[in-house]
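The values are calculated or read from the model by the stated rules, or taken from the named source; none is laboratory data. What you see is a predicted model, and the numbers here were worked out from it, not measured in a lab. So basically every Cβ, Gly included, is an ideal-geometry build from the backbone, and we count neighbours across all protein chains shown. Only protein heavy atoms, including side chains, enter the accessible area calculation; ligands, DNA and RNA are left aside. Shrake-Rupley method; radii C 1.70, N 1.55, O 1.52, S 1.80 Å.
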Amino acid sequence: MMLRRLSLLVALSLAATAAHAQGRVSSEMLRADAALAYELDRAVALGLPLAPLEAKAREGYLKGAGTVRVREVVRQLTDRMVEARDALAPVHSANEILEGAKALQQGVPASVLRSLRATQRERSLEVSLGVLTELVVRKVPVQRAAAEVTKMLQRNVSETILIAFGRGVQGDISAGLAPTVALDIRSRGVLSLPQLPLAGAVLSPPPR
Amino acid sequence: MLGWAATAGAQLDWRGELGATRVEPSTTTQRDALFASGFIQQTIGPVTPLLSAAATIAGDSVAAAQMILAATALPPWSVRLPIDIGALVALYGIAAGDRGTSRSGFVRQHVLTDRGGYWLGGSVAQTERERPYASNALELGVWRALGLLRLTATASTVQSGDRDVFRNSLPVSDPSAAKVRVVDATLIGRAGGDRVDVEGVIGMRYGIVGFGGRRDFGLLSVAVRTISDAYIVVSSGSQLADPLRGTPEWRFVSLGLRFASDAADGRVRRSRLGPLVAVERVSDAELLVVIAAPMGARRVEIKGSMTDWLPVESVRADRGWGVRVPSVTGAHQIQVRVDGGAWRVPANLPVVVDEYGARSGLIVIPDRAR
């Protein structure tokens, strides 16, 4: 048994090395590491989608991380996905949970996720969470960024406009404006628009 | 030969090198010298002006110096047809010995392809020594990238009224010829990595008018990156007589220290500015990642969460480079690699450090329905 496990670990190590070159680490190979298999099984037992966790493990091997680090990252992602799922309930998709977990990783508190869900219960928050994460990565204070995204969710602006808003802020920051100032300028610009009768009709989803 | 060209985007590039060399010109005795050289270029929209200077100092005299003022311009009709135009002034024997000056102008038309390029160039020069001499040259070149290896082949012909410049390097066939002509064939190989750059040159010169016979030449240069942008460079070989600059044939060995704003490259330099990335929706299931890479890039790859972190090679399109990936809504991480170099964060995206310590650009993909 020990010999079999050892050979599987060697295979995993070799697969990880090969992954550097070009290949892909299969689910079976990931499970050759018993500790990692335990983490994946734990996620399944918690009702989480397996694909993003396996993808995160593969990413680690492709980036040359050791097995211990890969296990740790998968465990942390599992915990964040559980926290995101709880905060975003009722969730609309597995991807929404993953986007919530990414936001948590960048320092967005779970309370902000709950607040966004309370603002918009009918629509998936995948893109809103992505834009929020983008703003936070750009050093816009979390509460300011969350407040602006919340305002836009309240106005039911389209995702295209949300993304354009995030990119506009990034452009302003790149141009030298302080993150908060850039956010103010952009939010005034977007929110002072009329109700976008034409663009809104095309870009926004029909009311449900 | 000038080894430079423009890169897209507003950026400053520079390089400086200094060191010691032992030279053995065909016209005089062996001597030890110090040398310093460098260039600076700034891309301003479609034009990249360049200023280059070099000097070799032996004993208490400046043995030779040259300065180049040039520019590469992108014509409005195509980014694949850059044009080099410039002027060169060379001085030698400034403080002692066989004094002279040279002034030349050159123009070169490039045609860039997906994996390489061609160029056709010409120069005219006026050399002043004990009397003036006129020279001209025509050059055809082709280069191709094979992974990290770049191969360049050139064929050129040089005609000059200065027959002394070839003396001691080719046998005289017609002592009464008013003008002399030679033909050169050169093959240059360059392999550039993150830490070591190796360049080798081999070639042959044939006497056509006034001179006959064949002269082989070659050189090898190895640059090892030490810290940051500093390189230790060891070079040795032979350099043919150049009537355009009035310089004789010489052999040399040199040791230098090079500082560069980026890995000093060949005809088309790598850009320090990261590539730019945008994403467009092609269909419900597919996105097109559009990459604006430095002009002259030969291979552009992306990897990230959209590709399961496997490298995917992009193809050249009208507006840059493109690669289709499956559409997945949300925030995605992406890195870009140009010409097999290091994976870089797209310059227009916010930087995120992932759990494994890698830096990537963050881009948000909208849902197809919204």
Which FRET efficiency value, to the nearest 0.05, is calculated for B:R99 and B:R195 with the Förster distance at 35 angstrom and r the Cβ-Cβ distance? 0.25
Label the range A:79-137 by shape, choosing from rounded, prolate and oblate, from the square roots a ≥ b ≥ c of the eigenvalues of the Cα gyration tensor; if a/c is under 1.5 it is rounded, and otherwise prolate applies when a/b is larger than b/c, oblate when it is not. rounded
Summing Lys, Arg as +1 and Asp, Glu as -1, what charge do residues with Cβ under 15 Å from the Cβ of B:G213 carry, B:G213 excluded? +2
Quick one: plug the Kirkwood hydrodynamic radius of the range A:26-116 (C-alpha pairs) into Stokes-Einstein at 37 °C, 0.692 mPa s, and report D in µm²/s. 246
Can you give the charge dipole size of the range B:175-222 about its Cα centre, rounded to the nearest 20 debye, using +1 on the beta carbon of Lys and Arg and -1 on the beta carbon of Asp and Glu? 320
How many nm is it between the label spots at B:D216 and A:E122, if each spot is 7 Å from the Cα in line with the beta carbon? 8.2
Sorted list, accessible surface of protein heavy atoms, 1.4 Å probe, largest first, for B:D32, B:D174 is B:D32, B:D174
Answer in debye to the nearest 20: the dipole magnitude of the range B:276-370 about its Cα centre, from +1 Lys/Arg and -1 Asp/Glu charges placed on Cβ, is 260
Taking each residue of A:128-137 in turn, how many C-beta atoms of other protein chains fall within 10 Å of its C-beta, and what is the average? 4
Sticking with the crude label model, points 7 Å out along Cα→Cβ, report the distance from A:V44 to A:R155 in nm, one decimal please. 4.7
Quick one: go through the range B:172-212 and flag any residue whose amide nitrogen is under 18 Å from the point 7 Å out along the Cα-to-Cβ line of B:I232. B:193-199
Largest-first ordering by accessible area, 1.4 Å probe, given options B:I83, B:I302: B:I83, B:I302
Residues listed by number, the range A:92-132, amide nitrogen under 19 Å from B:V312 label point at 7 Å toward C-beta: A:95
Computed on protein heavy atoms with a 1.4 Å probe, what is the summed buried accessible area for the chain pair A and B, in Å² to the nearest 100? 2700
Accessible surface of B:M67 - all protein chains present, 1.4 Å probe, nearest 10 Å²: 100
Just to make sure I understand: if all protein chains stay in place, what is the order of B:V111, A:V74 by accessible area at 1.4 Å, largest first? B:V111, A:V74
Label point distance in nm, B:A342-B:D284, each placed 7 Å from Cα along Cα→Cβ: 4.3
From other protein chains only, count the Cβ atoms within 10 Å of every residue's Cβ in A:54-67, then give the mean. 4
